[in-house]
Amino acid sequence: MSRIAIVGSCITRDLWRFRGRSIAKTSPDLPLPMLYVSRTSLPSLFATPVAGFRPAARPPGGLRPQPHRALAADLRKTALAELVAFRPTHLIFDFIDERFDLLSVAGTLVTDSWELETSGYRARPALRGARSIPRLSAACERLWLEAAGELAALIRATPLAEARLILHSARWAGRRRTTSGREAPVTGVEILPGRAADLGRHNDLLARYEAAFTELMPAMDRVEAPGLRLADDAHEWGGSPFHYVPDYYAEIWRQLDQLGLRPEAVVA
């Protein structure tokens, strides 16, 4: 029976939410059961913990519990140990969260996510003086490729080698379906409020990431639906270039089903 781990974003997690999976009573933000590693970046996963950081007992800044856990894991670097201990039968990657800049601080790296900004942790002494490494910079891409090699080695050397690896190939949609049902261009894209994004350059980066990742990793299955990458203004989480129309999720689910990853086969 299946144990699913996701290293990625809501586009993969939401497959279970939108296909009718029950929600864990103890973790209402997260479909049950799976391990969901999000709001991070491969270089951050392999960096050292932020010295002197301790997460708040309760999520600050209005964050929900699951995003706060993801943020704390990114700062404390606990995700890889949890992933290995989880011993997934299926490990799904998507790189949509690989859009945030990195921060270099006190000899380590963290992900400059919306959650980090909202939490107020960025102003704590442990993160003061952080230097930005722009996502689209050559330096960030080198760090990412190095970390991808580290991840491939980790998988081969741990129980993760027993998991079926799946790459969920996704891109930022250039067109959206409005609430009136018409199609229109996606415009005014921002990574964080006030930080405009170049959709084309990010999609080019995703293509390079996926190509390099495929070369480095053990054999992987691939699921994708290029013809259905249409953003949905009526999406549960609001309009975004990677909040797709329902047909997209249905098609990806169909492909996962063909790989034997059925909802009724998922157990904790």
Any hit, the range 97-104, residues being over 23 Å from Asn203 (Cβ atoms) and in a helix (DSSP H, G or I): no
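For Ala126, are the conditions met, namely being free of Cβ contacts under 8 Å to residues at least 24 places away in the same chain and either acidic (Asp, Glu) or surrounded by fewer than 22 Cβ atoms within 10 Å (Cβ to Cβ) (or both)?
Numbers: free of Cβ contacts under 8 Å to residues at least 24 places away in the same chain: no; either acidic (Asp, Glu) or surrounded by fewer than 22 Cβ atoms within 10 Å (Cβ to Cβ) (or both): yes.
Against the criterion (free of Cβ contacts under 8 Å to residues at least 24 places away in the same chain and either acidic (Asp, Glu) or surrounded by fewer than 22 Cβ atoms within 10 Å (Cβ to Cβ) (or both)), Ala126 does not qualify.
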Candidates Ala147, Ala153, filtered to the one that is under 22 Å from Val37 (Cβ atoms), open to solvent by less than 40 Å² (accessible area, probe 1.4 Å) and assigned to a helix (DSSP H, G or I): Ala147
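Select, from Leu116, Leu91, the only residue that is in a strand (DSSP E or B) and either in contact with a helix residue (DSSP H, G or I) (Cβ under 7 Å, 6 or more places away or on another chain) or at pLDDT below 95 (or both).
Details: Leu116 fails: in a strand (DSSP E or B).
Every option except Leu91 fails the conditions.
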Leading residue by the ranking (farthest from the chain's Cα centre (by Cα)) among those in the range 27-51 that are modelled with pLDDT of 95 or more and open to solvent by 60 Å² or more (accessible area, probe 1.4 Å): Ala51
Residue within the range 240-255 that is under 21 Å from Arg164 (Cβ atoms), free of Cβ contacts under 8 Å to residues at least 12 places away in the same chain and either assigned to a loop (DSSP other than H, G, I, E, B) or open to solvent by 30 Å² or more (accessible area, probe 1.4 Å) (or both) present: yes
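Being surrounded by fewer than 21 Cβ atoms within 10 Å (Cβ to Cβ), acidic (Asp, Glu) and in contact (Cβ under 8 Å) with a residue 40 or more places away in the chain narrows it down to one residue among Glu115, Glu82; which is it? Talk me through it step by step, then tell me what you get.
On the way: Glu115 fails: surrounded by fewer than 21 Cβ atoms within 10 Å (Cβ to Cβ).
Among Glu115, Glu82, only Glu82 is surrounded by fewer than 21 Cβ atoms within 10 Å (Cβ to Cβ), acidic (Asp, Glu) and in contact (Cβ under 8 Å) with a residue 40 or more places away in the chain.
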Residue within the range 225-234 that is under 18 Å from the mean Cα position of the chain (by Cα), open to solvent by 40 Å² or more (accessible area, probe 1.4 Å) and not acidic (Asp, Glu) present: yes
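Restricting the range 156-170 to residues that are assigned to a helix (DSSP H, G or I) and of a type outside the set (Gly, Ala, Ser), which is farthest from Ala211 (Cα to Cα)? Reasoning before the result, please.
In the first step, residues of the range 156-170 are kept if they are assigned to a helix (DSSP H, G or I); the result is 156-157, 159-162.
Cutting the leftovers down to of a type outside the set (Gly, Ala, Ser) gives us 156, 159-160, 162.
On the way: Arg156: 19, Pro159: 24, Leu160: 21, Glu162: 23 Å.
Top of the filtered list is Pro159.
Please specify each residue of the range 126-135 satisfying the condition of being closer than 12 Å to Ala51 by Cα and either in a strand (DSSP E or B) or modelled with pLDDT under 95 (or both).
Going through the range 126-135, the residues closer than 12 Å to Ala51 by Cα turn out to be 126-128.
Within the range 126-135, just Arg128 meets the criteria.
The values are calculated or read from the model by the stated rules, or taken from the named source; none is laboratory data. What you see is a predicted model, and the numbers here were worked out from it, not measured in a lab. Cβ sites come from the backbone with ideal geometry, for glycine too, and all protein chains shown count toward neighbours. These area figures cover heavy atoms from the full protein model, side chains too; ligands, DNA and RNA do not enter into them. Shrake-Rupley method; radii C 1.70, N 1.55, O 1.52, S 1.80 Å.
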